[in-house]
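Heads up: the structure comes next, in structure tokens.
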Amino acid sequence: MKFLFFLLQMDRRIVFVLVALAVVAPLIMPLNLPIVVGDKVRRLYDAIDQLPPRSRPVLVSVDYDPSTVPELQPMTLAVLRHCFSKEVPVIVTTMFPTGAGLARDAMETVAKEYPNLSYGTDYAYMGYKPGYSLVILGIGENFQATYPSDGYGTPSSKLPILKNVKNYDDIAIMVDFTASAAYEVWIMFAHQKYGCKVGAGVTAVMASDAYPYLNSGQLEGLLGGLSGAAEYEKLIGAPGTATIGMDAQSIAHILIIVLIILGNVAYFATRRHREPAQTATPQQGGSA
Amino acid sequence: MMRRQVPLLICFVAGIVMLSQNFIPPLTWIYQQALEWARIISAIALFIGLISLVRVHTMKLKRKAPNYRYSYVTLFALCYMIIAGFLTKYGVFVKLHAGCDPGSAGEWIVTALEKALNFQEIFLNVQIPIQATMFSLLAFYIASAAFRAFKARTFEATLLLIAAMIVMLGRVPLGQMIPGVKEITVWILDVPNTAAKRGIMIGVGLGMASTSLKIMLGIERTYLGMKD
């Protein structure tokens with residue numbers, strides 16, 4: 001009983017230490033847990049994988065800010081690596097001001113791994129454009145009018161990759177990486193209005209929101225959180241930070257589940273022994 | 001009178017025209033024109049936002065409002081990043097390097113300035129770690145909050161708790177090793193989750209359509225800053 005009361009009154013700093021250990025330990029001593037590829041991730045992989053080399057370009061939109069980098073940057077890198085390895089042209093853009101640096105960093109990181117591919121011909125970085133849905137609609141009307149120059153200031157007319165890109169008809173598929181509802185805007189305008197295929201990579205907490213679009217066929221495929229990124233890394237055969245992070249996430253999830261179970265056991269087992277007032281509002285005073 | 005009627009008339013006409021162009025192909029040019037205008041306006045809005053930010057923080061400094069010292073940090077960071085952005089974009093350091101003798105003190109100063117004012121490097125090494133760290137702290141607070149507050153007090157809470165635990169297990173490799181967990185997770189996300197989300201989305205869609213109509217017809221006027 002003492003232990004149960006201890007659990008109920010446990011200092012939150014103990015929980016913090018346990019979470020820190022659960023996250024750090026697997027990073028130091030990897031468990032190499034097997035990654036099982038889900039259907040949603042495979043659908044996006046297949047949509048890109050079936051594109052022939054030098055096909056119509058894939059449009060990648062990096063619509064997130066640095067706060068969600070650990071989850072979303074690995075999936076951006078994985079999709080870019082997939083396109084680069086297949087020599088499928090890639091156009092990278094962002095609708096977020098803080099996404100500009102991330103988009104550029106992701107593209108330049110992957111580009112260094114493929115020195116045979118050249119900027120302007122095989123890939124291009126279009127930078128940030130203000131206007132969000134207006135930019136998405138603008139691409140459907142006239143790509144080069146929407147992006148008169150790339151993210152480095154080079155006129156779009158001088159980029160061979162954009163020579164045949166007039167609108168969404170000339171984009172093989174667009175993939176939006178986001179921690180917001182940006183992918184819904186791409187679905188609403190790029191897919192519904194202009195018929196462009198849309199895929200998405202979102203944070204784990206947002207993945208469930210995107211399921212209706214998958215079932216209706218409005219999304220080609222979905223990468224949900226770090227696990228989605230790890231699954232994509234497995235498919236392309238290039239394990240990265242997402243694969244490493246899955247061990248830590250596994251242990252952290254198990255820890256949280258154990259904590260919830262212990263919290264419930266302690267709460268119900270000690271209910272009769274506590275005062276009525278305390279029973280009515282258990283632990284309400286303590287902050288998270 | 002004019003302050004109320006003219007904006008309502010503009011809104012009504014713009015709404016009707018933009019709605020009709022979906023059904024009348026010869027009117028598509030209006031849509032294309034409106035797109036151009038709106039893009040220019042949104043770029044101007046960004047500039048207005050910048051002015052507003054500077055004004056708010058300058059006022060805070062003038063009034064010595066609570067925590068006004070943070071405004072110094074905001075304004076300094078704003079100016080620093082604007083300067084760094086312009087210097088990097090227009091290749092100022094490249095030109096300065098060209099004008100310096102190799103190995104000279106001038107070149108050393110230019111190199112040091114280039115490193116200190118490299119827009120992308122500042123972004124990668126300052127902003128990303130700061131924001132990622134702030135967001136990562138959520139893991140600790142969520143774990144603590146779940147332990148303290150996630151109790152099976154009612155039937156609905158129990159259902160939520162069980163579903164949450166299964167999905168948490170089914171989304172990680174360790175949980176997927178337990179037979180059946182992955183399949184149940186997929187079912188929870190594909191069936192009850194999707195059904196609930198669809199219901200919400202249809203409701204939101206109908207709400208958006210009716211609100212748009214109310215705005216166009218001048219019934220909803222709160223955007224003008226008036227209640228009736």
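Just flag the chymotrypsin sites (Phe, Trp or Tyr not before Pro) in region A:133-173 sitting in loop per DSSP whose Cβ has no more than 16 other Cβ atoms within 10 Å. Walk me through the numbers on the way to the answer.
Values: sites: A:PHE143, A:TYR152, A:TYR168; in loops: A:TYR152.
Hits after loop and neighbour filter: A:TYR152.
Which whole-angstrom value gives the distance between the alpha carbon centres of region A:120-178 and region A:212-264? Answer, in whole Å: 31. The label point for B:SER42 and the one for B:ILE202, both projected 7 Å from the Cα toward the Cβ, are 3.1 nm apart.
Exactly which chymotrypsin sites (Phe, Trp or Tyr not before Pro) in region A:1-49 are in a DSSP loop and have at most 16 other Cβ atoms within 10 Å?
Numbers: sites: A:PHE3, A:PHE5, A:PHE6, A:PHE16, A:TYR45; in loops: none.
For chymotrypsin sites (Phe, Trp or Tyr not before Pro) across region A:1-49 that sit outside H, G, I, E and B with at most 16 neighbouring Cβ atoms in 10 Å, the list is empty.
For chain A, the relative contact order comes to 26 percent (Cα pairs under 8 Å, sequence separation of at least 6). Bridging of B:LYS182 to lysines at a Cα separation below 22 Å is possible for A:LYS40, A:LYS234, B:LYS197, once same-chain residues fewer than 8 apart are set aside. Over region A:39-239, all Cα pairs binned in 10 Å intervals from 0 give whole-percent P(r) values of 10, 41, 40, 9, 0, listed from short to long.
Of all DSSP beta bridges located in the protein assembly as shown, what percent are antiparallel, nearest 5? Before the final figure, lay out each step's value.
Values: 1 of 24 bridges.
Around 5 percent of the beta bridges assigned by DSSP in the protein assembly as shown are antiparallel ones.
Here A:LYS163 and A:THR241 are evaluated by their C-beta separation; at R0 = 22 Å the FRET efficiency comes out at 0.05. Using a Gaussian network for chain A with springs between C-alpha atoms less than 10 Å apart, which of these wobbles most: A:MET95, A:MET246, A:MET188? The residue with the greatest mean-square fluctuation here is A:MET188.
Can you tell me what percent of all Cα-Cα pairs in the protein assembly as shown are more than 29 Å apart? Kindly include the intermediate steps, with their values, before the conclusion.
On the way: 82167 of 132870 pairs.
Considering the protein assembly as shown, 62 percent of its Cα-Cα pairs are separated by more than 29 Å.
Could you list the residues of region A:61-101 with an amide nitrogen less than 19 Å from a label point located 7 Å from the Cα of A:ASP170 in the Cα-to-C-beta direction? Zone members listed by number: A:61, A:88-94.
Just from its helices, what would the mean residue ellipticity at 222 nm be for chain A, if runs of 4 or more DSSP H residues each count -39500 (n - 2.57) and the sum is divided by every residue, rounded to the nearest 500 deg cm²/dmol? Could the numbers behind the result be given before it?
Details: 12 runs with 142 residues, N = 288.
The per-residue figure over chain A is -15000 deg cm²/dmol.
Computed over region B:81-184, relative contact order equals 16 percent, with contacts defined as Cα pairs under 8 Å that lie 6+ residues apart. Comparing A:LEU21, A:LEU214, A:LEU51 in a Gaussian network model of chain A, where Cα atoms under 10 Å apart are tied by springs, the biggest mean-square fluctuation is seen for A:LEU21. The label point for B:TYR72 and the one for A:GLN192, both projected 7 Å from the Cα toward the Cβ, are 5.1 nm apart. Round to a whole angstrom and tell me the spacing of the C-alpha centers of region A:8-50 and region B:36-60. Distance between centres, Cα-based: 40 Å. Take each residue in B:52-60, count the other chain C-beta atoms within 10 Å of its C-beta, and the mean is 0. The length gained by stretching the chain between B:ALA164 and B:ARG4 to full extension, at 0.36 nm per residue less their Cα-Cα distance, is 52.5 nm.
Along the axis of the charge dipole computed for the protein assembly as shown (Cβ charges of +1 for Lys and Arg, -1 for Asp and Glu, origin at the Cα centre), the listed residues A:ILE254, A:LEU226, B:VAL181 are led at the positive end by A:ILE254. Once both labels are positioned 7 Å from their Cα atoms along Cα-to-Cβ, the gap between B:CYS100 and B:SER52 label points is 4.1 nm.
The GNM of chain A, with springs linking C-alpha atoms under 10 angstrom apart, assigns the highest mean-square fluctuation among A:ALA266, A:ALA106, A:ALA172 to A:ALA266.
Can you give the mean number of other chain Cβ atoms that lie within 10 Å of the Cβ atoms in peptide B:133-140? Each step should come with its number before you reach the end.
Working: counts 2, 2, 9, 3, 1, 2, 9, 10.
Partner-chain Cβ atoms within 10 Å, mean over residues of B:133-140: 5.
Per-residue shielding of A:29-40, expressed as the average number of other chain Cβ atoms within 10 Å of the residue Cβ, stands at 3.
Extent along the principal axes, Cα only, for chain B: 75, 63, 46 Å, with the longest axis given first.
Given the Cα-Cα distance of B:TRP108 and B:ILE142 and 0.36 nm per residue of separation, how much length would full extension add, in nm? Intermediate results must be reported in sequence, preceding the final value.
Working: separation 34, 0.36 × 34 = 12.24 nm, distance 4.84 nm.
Taking 0.36 nm per residue and subtracting the Cα distance, the gain is 7.4 nm.
Only the coordinates and a few stated rules stand behind these numbers; no lab work does. None of these values were measured; they are calculated from a predicted model. Cβ: placed from backbone, ideal geometry, glycine included. Neighbour counts: every protein chain shown.
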